[in-house]
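Each value in this text was obtained by applying a stated rule to the coordinates, not by laboratory testing. Just so it is clear, the structure is predicted and the values come from calculations on it, not from any experiment. We place every Cβ from the backbone using ideal geometry, glycine too, and count neighbours over all the protein chains shown.
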Amino acid sequence: MQYDVKSPEEYLAALDNDWRKDKLLEVRRLIFRHVPELEESIKYKMLSYGRGDEGLFGLNAQKGYVSLYVGSIDKIEGADALLEPFNTGKGCIRIRKTIDIPSTGLEEFISKAREMWRGGGDISC
């Protein structure tokens, strides 16, 4: 889904108060816990996390899932095992209602993406 908003605050206010907002806020907390130096903004009508023009994550509530975008998932070591319970695309992790995020490897995946990004590694598409 696309939200025609100008700021992260407007984006969060535009979300329906349902499971998708809960999941999105949970992933958002993980991002800020592991990469507190990231700036939160709106790009491509979704939440974006990066520094300047350099983006690391995108986060969006879709109709049937929450999407976490990160360049190319395959560039993160061990991604297949860490993201095993998720439906994934080349750069998209789809978080469905039934996923219990703390019991998955998503937090470790975010941490590994952070380390690669901080080390100057390329995780782009």
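Below are the figures for this structure:
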quantity	calculated
Highest-fluctuation residue, A113, A79, A13 considered, GNM on the chain with Cα pairs under 10 Å	A13
The stretch 8-118 shape via C-alpha gyration tensor axes, a/c threshold 1.5	oblate
Close Lys-Lys pairs in the stretch 8-118, where close means Cα under 18 Å and separation is 8 or more or interchain	10
Candidates K45, K63, K97: whichever shows maximal mean-square fluctuation once the chain is modelled as a Gaussian network with Cα springs under 10 Å	K63
Relative contact order (%) - the chain, alpha-carbon pairs under 8 angstrom, separation at least six	22
Environment charge at D4 (Cβ cut-off 15 Å; Lys +1, Arg +1, Asp -1, Glu -1)	+1
GNM flexibility winner over the chain from Y69, Y44, Y11 (Cα, springs under 10 Å)	Y44
Separation of alpha-carbon centers, the stretch 42-56 and the stretch 70-125, rounded to whole Å	17
Neighbour-count ranking [beta-carbon atoms within 10 angstrom, fewest first] of C92, C125	C125, C92
Around N60: net Lys/Arg minus Asp/Glu count, Cβ-Cβ under 10 Å	+2
Backbone N within the stretch 23-43 under 20 Å of label point (7 Å from A14 Cα along the Cβ vector)	23-29, 39-43
Within the chain: Cβ-based charge dipole about Cα centre, in debye rounded to nearest 20 (Lys, Arg +1; Asp, Glu -1)	280
